[in-house]
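Peer 1: Please see the structure below; I have some questions.
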Amino acid sequence: MNNRLQIREWGIDPSWTLFLDRDGTINERAVGYIEKWESFRFLAQAIEAIHGFTKLFGRLIIVTNQQGIDKELITHEDLKDIHNRMIDVLEYYDGKIDAVYYEPSLAVYESPRRKPNIGMALDAQNDFPEIEFRKSVMIGDTLSDIEFGRNLGMKTVWIDNPMENHNRERILEICDVKVDSMFTFLSLINVD
């Protein structure tokens with residue numbers, strides 16, 4: 001089955017929620033961590049994609065692991081500044097992000113909120129009770145993003161990431177759709 005036909009069968013409408021990873025999905029990955037707004041760079045056509053998603057989905061939620069905080073490379077305040085500025089830019093171009101959830105702890109602590117664990121999604125559902133995970137899509141570029149979506153029964157979209165070549169077979173086995181960008185996924189939804 002081709003991706004376009006498969007996605008059309010999902011029946012995405014405004015009752016659906018879109019969960020998005022941040023680094024490598026919305027913005028370019030940095031060497032190390034994005035510590036200041038000046039280092040944040042939107043990926044090509046990411047702003048246009050989020051504009052389009054805003055028309056299709058009822059909610060857009062960002063879920064992001066940010067262990068740079070526990071490594072003391074960035075503060076909560078700096079991260080919130082980055083997210084506020086990101087949202088301001090997206091709103092300027094008629095895109096909407098309903099909420100950003102982040103987990104600051106180191107991976108070794110295995111926090112229930114750190115992807116692939118589902119805590120951030122449960123937080124989102126607590127804040128927005130209308131969210132149904134079976135009517136949600138998770139877009140991300142890593143195995144933990146795809147596992148996060150699968151752990152919740154979401155549809156999953158993997159943005160092909162060469163840094164994940166060691167996990168490639170596993171990701172392809174469990175993701176619903178592979179694309180090269182959010183904008184490509186948007187074009188697959190927009191069938192008219």
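Peer 1: Among the residues of segment 156-173, write down those that are more than 12 Å from the chain's Cα centre (by Cα) and either under 18 Å from GLN125 (Cβ atoms) or without any contact (Cβ under 8 Å) to a residue 40 or more places away in the chain (or both). Before the answer, list the steps.
Peer 2: Initially, segment 156-173 is screened for residues more than 12 Å from the chain's Cα centre (by Cα), giving 160-173.
Within segment 156-173, ASP160, PRO162, GLU164, ASN165, HIS166, ASN167, ARG168, GLU169, ARG170, ILE171, LEU172, GLU173 meet the criteria.
Peer 1: Name the helices (runs of 4 or more DSSP H) wholly within segment 81-192 that hold at least 3 residues that are open to solvent by 70 Å² or more (accessible area, probe 1.4 Å)? Explain how you work it out, then say what you get.
Peer 2: Values: elements: 119-127, 143-151, 168-174, 182-189.
Passing ranges, in order: 119-127, 168-174.
Peer 1: Counting just the residues of segment 55-77 that are out of contact with any strand residue (DSSP E or B) (no Cβ under 6 Å at 6 or more places or on another chain), outside any helix (DSSP H, G or I) and charged (D, E, K, R), which one comes out surrounded by the fewest Cβ atoms within 10 Å (Cβ to Cβ)? Lay out the reasoning, then the answer.
Peer 2: From segment 55-77, those out of contact with any strand residue (DSSP E or B) (no Cβ under 6 Å at 6 or more places or on another chain) are 55-56, 58, 67-77; that's our starting set.
If we keep only those that are outside any helix (DSSP H, G or I) too, we end up with 58, 67-75.
Those left that are additionally charged (D, E, K, R): 70-72.
On the way: ASP70: 16, LYS71: 12, GLU72: 7.
Per the criteria, the residue is GLU72.
Peer 1: Looking only at residues in segment 96-110 that are over 15 Å from PHE40 (Cβ atoms) and modelled with pLDDT of 95 or more, which one is farthest from the chain's Cα centre (by Cα)?
Peer 2: Looking only at segment 96-110, we keep the residues that are over 15 Å from PHE40 (Cβ atoms), and these are 96, 98-99, 101, 103-110.
Next, only the ones that are modelled with pLDDT of 95 or more stay: 96, 98-99, 101, 103-105.
Values: LYS96: 14, ASP98: 13, ALA99: 12, TYR101: 10, GLU103: 13, PRO104: 16, SER105: 18 Å.
This residue is SER105.
Peer 1: Still on this structure: Considering only segment 1-54, how many residues are under 19 Å from THR142 (Cβ atoms), part of a loop (DSSP other than H, G, I, E, B) and either open to solvent by less than 40 Å² (accessible area, probe 1.4 Å) or not hydrophobic (A, V, I, L, M, F, W, C) (or both)?
Peer 2: Here the count works out to 12.
The values are calculated or read from the model by the stated rules, or taken from the named source; none is laboratory data. Just so you know, these numbers come straight off a predicted model, no measurement behind them. Ideal geometry is used to build each Cβ from the backbone, glycine not excepted, and the neighbour counts take in all protein chains shown. Note: areas computed on protein heavy atoms with side chains; ligands, DNA, RNA excluded. Shrake-Rupley method; radii C 1.70, N 1.55, O 1.52, S 1.80 Å.
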